Amino acid sequence: MVSATEFANTCEAAPPSRSSSDAQISEVQAAPAVARGDGVKRVQELLMEVLDPEIPVLNVIEMGIVRSIVCTDESVQILITPTYSGCPAMEMIEQDIRAALARGGFNQTEIKTVLSPAWTTDWLSAAAREKLREHGIAPPSGAACMGSPQQTEVACPRCGSRETEELSAFGSTACQALRRCRACREPFGYFKAI
Ligand SMILES: [Zn+2]
């Protein structure tokens, strides 16, 4: 397969009189098995199999970690934004993304980390928040960008009561706090808004 730079050199070197049909043939030869548009869709499907190691009920698409997917003839380029800066889980996520794409036949995967804009829990979709609740984790309360440093009103994911209290600022993972419901008395994880 011809690399991007080699292909560019060939184009520059080609005499202007070269017929367009020749160019089309070389493009067809360089084309991947999957068409570009379908490629992005397929990559998205594969990425939905990659779960977040810290919140394993959500995949990297639902978490909003994957910022963009670009499919070229040669490779797949994926931009990801870490949920917490320096989060050790990101290395694992990168490996899992590579493995998932390789299973789907995408072997040339370039993963770039984008730190700005910083990831926020505001990027979690409504479906993702519902999924968290189903798994007994209270989704982030309120919009992080609205400013209030400590959201105290967190509804219990089991009974919906807002009579909950914080037991510990750090739960099973750094991004979760441990809270308890005063109504049903069950402890639960709260995905902190950032
Ligand atoms: Zn409760």
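The values are calculated or read from the model by the stated rules, or taken from the named source; none is laboratory data. All of these numbers come straight from a predicted model, not from anything done at the bench. Here the Cβ is made from the backbone with ideal geometry for all residues, glycine too, and neighbour counts use every protein chain on show.
Quick one: in segment 153-193, which of the residues that are of a type in the set (A, V, I, L, M) and more than 13 Å from the ligand (Cβ to nearest atom) is farthest from Thr120 (Cα to Cα)? Write out each step before concluding.
To start, the set of residues in segment 153-193 that are of a type in the set (A, V, I, L, M) comprises 154-155, 167, 169, 174, 177-178, 183, 193.
From what's left, more than 13 Å from the ligand (Cβ to nearest atom): 167, 169, 174, 177-178, 193.
On the way: Leu167: 24, Ala169: 18, Ala174: 15, Ala177: 16, Leu178: 20, Ala193: 7 Å.
Looking at the filtered set, the residue picked out is Leu167.
With the structure loaded, tell me whether Asp122 is crowded, with 16+ Cβ neighbours inside 10 Å, in a helix (DSSP H, G or I) and out of contact with any Leu (no Cβ under 6 Å at 6 or more places or on another chain) or whether it fails that test. Step through it out loud before you land on a result.
Working: crowded, with 16+ Cβ neighbours inside 10 Å: no; in a helix (DSSP H, G or I): yes; out of contact with any Leu (no Cβ under 6 Å at 6 or more places or on another chain): yes.
Spelling it out, it is not the case that Asp122 is crowded, with 16+ Cβ neighbours inside 10 Å, in a helix (DSSP H, G or I) and out of contact with any Leu (no Cβ under 6 Å at 6 or more places or on another chain).
Run down Pro140, Pro157 and say which single residue is in contact with a strand residue (DSSP E or B) (Cβ under 8 Å, 6 or more places away or on another chain), modelled with pLDDT under 95, closer than 24 Å to Asn59 by Cβ and not aromatic (Phe, Trp, Tyr). Can you show your working first?
Details: Pro157 fails: modelled with pLDDT under 95.
Result of the check over Pro140, Pro157: Pro140.
Under 8 Å between Cβ atoms, which residue pairs at least 6 apart in sequence (or on different chains) link something in segment 53-71 that is of a type in the set (Asp, Glu) with a partner that is assigned to a loop (DSSP other than H, G, I, E, B)?
Glu54/Thr83; Glu54/Cys87; Glu54/Thr173; Glu54/Ala174; Glu54/Cys175; Glu62/Met48; Glu62/Leu124; Glu62/Ser125
Being at pLDDT below 90 and within 17 Å of the chain's Cα centre (by Cα): is that true of Ser125 here? Even if it seems obvious, please write down each step before you answer.
Values: at pLDDT below 90: yes; within 17 Å of the chain's Cα centre (by Cα): yes.
Considered against the rule, which asks whether it is at pLDDT below 90 and within 17 Å of the chain's Cα centre (by Cα), Ser125 comes out as yes.
Quick grid of which residues meet (1) aliphatic (A, V, I, L, M); (2) under 22 Å from Phe170 (Cα atoms):
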residue: Ile65; (1), (2): yes, yes
residue: Asp73; (1), (2): no, no
residue: Val76; (1), (2): yes, no
residue: Ala89; (1), (2): yes, yes
residue: Glu94; (1), (2): no, no
residue: Gly104; (1), (2): no, no
residue: Ile111; (1), (2): yes, no
